[in-house]
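S.K.: Below you will find the structure I want to go over with you.
The values are calculated or read from the model by the stated rules, or taken from the named source; none is laboratory data. None of the values given here were measured: they were computed from a predicted structure. Cβ placement follows ideal geometry from the backbone for every residue including glycine, while neighbour counts extend to all protein chains displayed.
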Amino acid sequence: MATLRSVALLSLLALAAALGGCKVDGVNPVVPLASAQADTALYGAWRFRDKDELTYVHIGPDFALGDAKEGQPMRIVIVDHKRNGLTEEDYVAYGARAGRHRFLSVAQEEKGKREGYLYVRYALLDGNAIRFATVNQEALGAAIKAGRIKGTVRGEGLAAETVITADPAEIAAFLAAAGADLFNPPVVLRRVPPR
């Protein structure tokens, strides 16, 4: 399974760059999939530029699933332009609100089997910009160890495996109450104007 290390909106995760394999924040989504809501304000093409890297993020409805158990999934296609070539990654994400915040539960799969979800908090800055922030693994590990959320922590440092095992209602309550210290610094994407 591809990791998210090449994804500009998630590239601030040093952990993702260091780890291979399938990384997840939790085994369950922020809300049950059947109640996941697509956020049409995200639909469109978005761009992130950082030095020698240019990334386009395409977000739209995922018609392939079409199953009521899957709620309203969104498809995210990320095309990363680098000096040594292009990479493309494709994800299914489920929208949710927890408290006053919006979240995506980004499905992570390995060999066709769903392993869990990455949690991404986002805010619409205006019609032309979105701010995304991913979970900081060290802060999540501290929260699990302190008993603020059910989960497991194995290993230490960049090699640590930190996974929330709580149910969606507990995850939503935890994320709604979490402050900015649970998240990595945000990345802002700008809308690509239609031609």
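S.K.: Among the residues of the stretch 94-103, are any of a type in the set (Lys, Arg), modelled with pLDDT of 90 or more, closer than 27 Å to Pro61 by Cα and not in a strand (DSSP E or B)?
M.R.: Yes, the stretch 94-103 contains a residue that is of a type in the set (Lys, Arg), modelled with pLDDT of 90 or more, closer than 27 Å to Pro61 by Cα and not in a strand (DSSP E or B).
S.K.: Across the stretch 143-176, what is the total count of residues that are in contact with a strand residue (DSSP E or B) (Cβ under 9 Å, 6 or more places away or on another chain) and in a helix (DSSP H, G or I)?
M.R.: 11
S.K.: Could I ask something else about it? Can you tell me how many residues within the stretch 126-142 are assigned to a strand (DSSP E or B) and in contact (Cβ under 8 Å) with a residue 12 or more places away in the chain?
M.R.: Looking only at that region, the number is 7.
S.K.: Tell me, please, whether a residue that is over 17 Å from Pro168 (Cβ atoms), surrounded by 14 or more Cβ atoms within 10 Å (Cβ to Cβ), of a type in the set (Val, Ile, Thr) and touching a strand residue (DSSP E or B) at 6+ places or on another chain (Cβ under 7 Å) can be found in the stretch 88-109.
M.R.: No, the stretch 88-109 contains no residue that is over 17 Å from Pro168 (Cβ atoms), surrounded by 14 or more Cβ atoms within 10 Å (Cβ to Cβ), of a type in the set (Val, Ile, Thr) and touching a strand residue (DSSP E or B) at 6+ places or on another chain (Cβ under 7 Å).
S.K.: Within the stretch 124-140, work out how many residues are under 13 Å from the mean Cα position of the chain (by Cα) and within 19 Å of Tyr43 (Cα to Cα).
M.R.: 3
S.K.: Looking only at the stretch 1-60, filter to residues that are surrounded by fewer than 20 Cβ atoms within 10 Å (Cβ to Cβ) and of a type in the set (Lys, Arg); which one of those is modelled with the lowest pLDDT?
M.R.: Only one residue tops the list, namely Arg5.
S.K.: Here is a check on your reading of the model: is Gly71 surrounded by fewer than 14 Cβ atoms within 10 Å (Cβ to Cβ), closer than 28 Å to Ala178 by Cβ and under 18 Å from the mean Cα position of the chain (by Cα)?
M.R.: For Gly71, the condition - surrounded by fewer than 14 Cβ atoms within 10 Å (Cβ to Cβ), closer than 28 Å to Ala178 by Cβ and under 18 Å from the mean Cα position of the chain (by Cα) - is not met.
S.K.: Evaluate the stretch 180-191: report whether one residue or more is under 22 Å from Arg49 (Cα atoms) and surrounded by fewer than 13 Cβ atoms within 10 Å (Cβ to Cβ).
M.R.: Checked the stretch 180-191: at least one residue is under 22 Å from Arg49 (Cα atoms) and surrounded by fewer than 13 Cβ atoms within 10 Å (Cβ to Cβ).
S.K.: Sticking with this structure for a sec: Just one of (1) under 13 Å from the mean Cα position of the chain (by Cα); (2) charged (D, E, K, R); (3) at pLDDT below 90 trips up Glu110, so point out which.
M.R.: Result: Glu110 fails condition (1) only.
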